[in-house]
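All remarks here apply to the structure that follows.
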Amino acid sequence: MRDVLALFEGDFRVQVLFTAPPHVFGGEVPHALRELGSAVVPWEQATRERFDLALAAGPRGVSEVDAPLVALSHGAGYVKRISGLGPEEDGIPGLRRKDVMPDGATLPAALTVPHTEELRGLARSCPEALPITRVVGDPVCDRVTASLPHRAAYREALGLRAEEKLVLFLSTWGPHSAFAKAETLLPRLATELPKDRFRTAVLLHPNVFAWHGRYQVSAWLAACVRRGIAVLPPETEWRSLLVAADHLLGDHGSLSVYATLTDAPILLASSPEREINPDSPAATLAATAPALTGSAPLPEQLAYAASQYRREEYAAIAARLTSCPGEFARRMRRVLYLALGLGQPAHEPPTARLPLPVRPPEWSGPGAPGAAWEVSA
């Protein structure tokens, strides 16, 4: 959402306001909006007023807002599927009829998708949405790609020496995620990887923090933090860490799929077939990346993944994330200003490099503070 809103920067004709409908995973939203310094409209008020445009990266509550809607995708395409819950619930979240038309009757002003492959899914689930669907690409792909040539600067900002390898533990949420194995897996990361050669950081889906609470996640992982593993808060600019990483240990979530944009080998700790959209890049990644086992030391498995890594295989997966690389800012800005009925600003919208990270205190040696760290702009 912040990448989309950046397209309005400098335009005094547009005032951006935020609101959020009630949600079981919404506990972290007020904190995020405070950190952003944004003007917030209470949900009850937002549903009583008229707005010129609404942007939403999910279907909850959108039918209650009086405004033309531009519906955004979120994550690495549409990687997950739901099955066994009935005809209305089953399908690919984000492409189901109930997601496109939550009230059962009203189409958004525009539905934006990252790749032309999504059009086939829509043709099956909600064909009437095809005329208002726009293929705009993916801002994560564009910003990571723009930042990769400067990888050395990202590693230097983290305080990594040339001989040190950054291992990222990436997890989505839910009982089949990599985090579900954290009790046994994270201690292995803390004890099996030599500290003079490896640095480890943990990136968890915000829903993990929203469901369990920051206190509980911190309590569960306190022993790992004391051993030098950096557990990153949900507001972390995780894309900067992907640019700097040397090894990735992930699952079927979006972060693991976005990692295919980089040159870092991937090990999968979890890839449950029943939760993965079989037509998605995540399904191809699950069939391509080596699977973590309990029968070999972690350094050996990381070395094996590196020896088997073929850039062309992962580049083919990454190519399915966007069908118009480098064009998100231009395409999305056109959609937004058409919906507003305004002329676009008379300049090309830039694709900004990702901000440099700050070295985590957990990596500063014995006695360092154990507080979580975050990335600065």
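The values are calculated or read from the model by the stated rules, or taken from the named source; none is laboratory data. Because the structure is predicted, anything quoted here is derived from the model rather than measured. Here the Cβ is made from the backbone with ideal geometry for all residues, glycine too, and neighbour counts use every protein chain on show.
Here is a list of conditions, (1) touching a Leu at 6+ places or on another chain (Cβ under 9 Å); (2) surrounded by fewer than 17 Cβ atoms within 10 Å (Cβ to Cβ); (3) more than 29 Å from Asp66 (Cβ to Cβ), and Pro187 meets all of them except one; can you say which number that is?
Looking at each condition in turn, Pro187 falls short on (1).
Which members of segment 1-39 meet the condition of being of a type in the set (Phe, Trp, Tyr), in contact (Cβ under 8 Å) with a residue 60 or more places away in the chain and closer than 17 Å to Leu72 by Cβ?
Of the residues in segment 1-39, the ones of a type in the set (Phe, Trp, Tyr) are 8, 12, 18, 25.
After this cut, where a residue has to be in contact (Cβ under 8 Å) with a residue 60 or more places away in the chain as well, the list is 8, 25.
Of everything in segment 1-39, just one residue is of a type in the set (Phe, Trp, Tyr), in contact (Cβ under 8 Å) with a residue 60 or more places away in the chain and closer than 17 Å to Leu72 by Cβ, namely Phe8.
Per-residue answers, yes or no, for (1) over 20 Å from Glu327 (Cβ atoms); (2) in contact with a Ser or Thr (Cβ under 8 Å, 6 or more places away or on another chain):
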position	(1), (2)
Arg96	yes, yes
Thr106	yes, yes
Ala110	no, yes
Glu128	yes, no
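Quick check on my filter: what residues within segment 295-325 are more than 30 Å from Pro114 (Cα to Cα), part of a loop (DSSP other than H, G, I, E, B) and touching a residue at least 12 places away in the same chain (Cβ under 8 Å)?
Filtering segment 295-325 down to residues more than 30 Å from Pro114 (Cα to Cα) leaves 295-304, 307.
Next cut, part of a loop (DSSP other than H, G, I, E, B) only: 295-297.
Correct list: Pro297 only.
Taking the condition assigned to a loop (DSSP other than H, G, I, E, B), among the aliphatic types (A, V, I, L, M) and either more than 23 Å from Trp238 (Cβ to Cβ) or in contact with a His (Cβ under 9 Å, 6 or more places away or on another chain) (or both), does Leu342 pass?
When the stated conditions are applied, Leu342 passes them.
Is it the case, given these coordinates, that Arg34 is under 25 Å from Leu204 (Cα atoms), outside the structural domain of Ser177 (by TED's automatic domain parsing) and either in contact with a His (Cβ under 9 Å, 6 or more places away or on another chain) or aromatic (Phe, Trp, Tyr) (or both)?
Working: under 25 Å from Leu204 (Cα atoms): yes; outside the structural domain of Ser177 (by TED's automatic domain parsing): yes; either in contact with a His (Cβ under 9 Å, 6 or more places away or on another chain) or aromatic (Phe, Trp, Tyr) (or both): no.
When the stated conditions are applied, Arg34 does not pass them.
Is there a residue in segment 1-10 that is closer than 23 Å to Cys126 by Cβ and touching a Phe, Trp or Tyr at 6+ places or on another chain (Cβ under 8 Å)?
no
Of the residues that sit in segment 310-369 and are surrounded by 14 or more Cβ atoms within 10 Å (Cβ to Cβ) and among the polar types (S, T, N, Q), which one is farthest from Ser240 (Cα to Cα)?
Gln344
Do any helices (runs of 4 or more DSSP H) entirely within segment 1-103 hold 1 or more residues that are of a type in the set (D, E, K, R) and closer than 30 Å to Pro345 by Cα, and if so, which?
Numbers: elements: 2-5, 29-36, 43-46, 97-100.
Passing ranges, in order: 2-5, 29-36.
Looking at Leu53, Leu33, can you tell me which residue is closer than 25 Å to Tyr337 by Cα, modelled with pLDDT under 95 and surrounded by 15 or more Cβ atoms within 10 Å (Cβ to Cβ)? Write out each step before concluding.
Details: Leu53 fails: modelled with pLDDT under 95.
So the residue among Leu53, Leu33 that is closer than 25 Å to Tyr337 by Cα, modelled with pLDDT under 95 and surrounded by 15 or more Cβ atoms within 10 Å (Cβ to Cβ) is Leu33.
Out of Gly86, Gly94, I need the residue that is out of contact with any Cys (no Cβ under 7 Å at 6 or more places or on another chain), small (Gly, Ala, Ser) and farther than 27 Å from Glu237 by Cα. Which one? Let's see the steps before the verdict.
Working: Gly94 fails: farther than 27 Å from Glu237 by Cα.
The match here is Gly86.
If we scan segment 193-202, do we find a residue that is among the aliphatic types (A, V, I, L, M), over 23 Å from Ser254 (Cα atoms) and surrounded by 18 or more Cβ atoms within 10 Å (Cβ to Cβ)?
Our first condition is that a residue be among the aliphatic types (A, V, I, L, M); within segment 193-202, this holds for 193, 201-202.
With over 23 Å from Ser254 (Cα atoms) added as a condition, the list becomes 193.
With the extra rule that they be surrounded by 18 or more Cβ atoms within 10 Å (Cβ to Cβ), the set shrinks to 193.
Yes: one or more hits.
Filter segment 111-120 down to the residues that are crowded, with 20+ Cβ neighbours inside 10 Å and outside any loop (DSSP other than H, G, I, E, B) and list them by number.
Leu111, Thr112, Val113, Glu118
Being modelled with pLDDT under 95 and of a type in the set (Asp, Glu), is that true of even one residue in segment 325-333?
Of the residues in segment 325-333, the ones modelled with pLDDT under 95 are none.
No, every residue in segment 325-333 fails to be modelled with pLDDT under 95 and of a type in the set (Asp, Glu).
Quick one: which residue in Ala303, Ala296 is of a type in the set (A, V, I, L, M), surrounded by fewer than 18 Cβ atoms within 10 Å (Cβ to Cβ) and out of contact with any helix residue (DSSP H, G or I) (no Cβ under 9 Å at 6 or more places or on another chain)? Even if it seems obvious, please write down each step before you answer.
Details: Ala296 fails: out of contact with any helix residue (DSSP H, G or I) (no Cβ under 9 Å at 6 or more places or on another chain).
When all the criteria are applied, what remains is Ala303.
List the number of the failed condition for Gly159; all other conditions in (1) of a type outside the set (A, V, I, L, M, F, W, C); (2) touching a Lys or Arg at 6+ places or on another chain (Cβ under 9 Å); (3) within 17 Å of Leu292 (Cβ to Cβ) hold.
It is condition (3) that Gly159 fails.
Quickly run through segment 263-286 and pick out the residues that are within 15 Å of Val144 (Cβ to Cβ), of a type outside the set (Gly, Ala, Ser) and surrounded by fewer than 24 Cβ atoms within 10 Å (Cβ to Cβ).
Initially, segment 263-286 is screened for residues within 15 Å of Val144 (Cβ to Cβ), giving 263-264, 266, 281.
From what is left, the residues that are of a type outside the set (Gly, Ala, Ser) are 263, 266, 281.
Passing the criteria: only Asp263.
Only one residue in Ala146, Ala210 is crowded, with 18+ Cβ neighbours inside 10 Å and either modelled with pLDDT of 95 or more or in contact with a helix residue (DSSP H, G or I) (Cβ under 6 Å, 6 or more places away or on another chain) (or both), so which one is that? First the steps, then the outcome.
Values: Ala146 fails: crowded, with 18+ Cβ neighbours inside 10 Å.
Of the residues listed, the single one that is crowded, with 18+ Cβ neighbours inside 10 Å and either modelled with pLDDT of 95 or more or in contact with a helix residue (DSSP H, G or I) (Cβ under 6 Å, 6 or more places away or on another chain) (or both) is Ala210.
Note down all Cβ pairs under 8 Å where the first residue falls in segment 88-107 and is in the same structural domain as Glu64 (by TED's automatic domain parsing), the second is of a type in the set (Phe, Trp, Tyr) and part of a loop (DSSP other than H, G, I, E, B), and they're at least six residues apart or on different chains.
Ile92/Tyr78; Pro93/Tyr78; Gly94/Tyr78; Leu95/Tyr78
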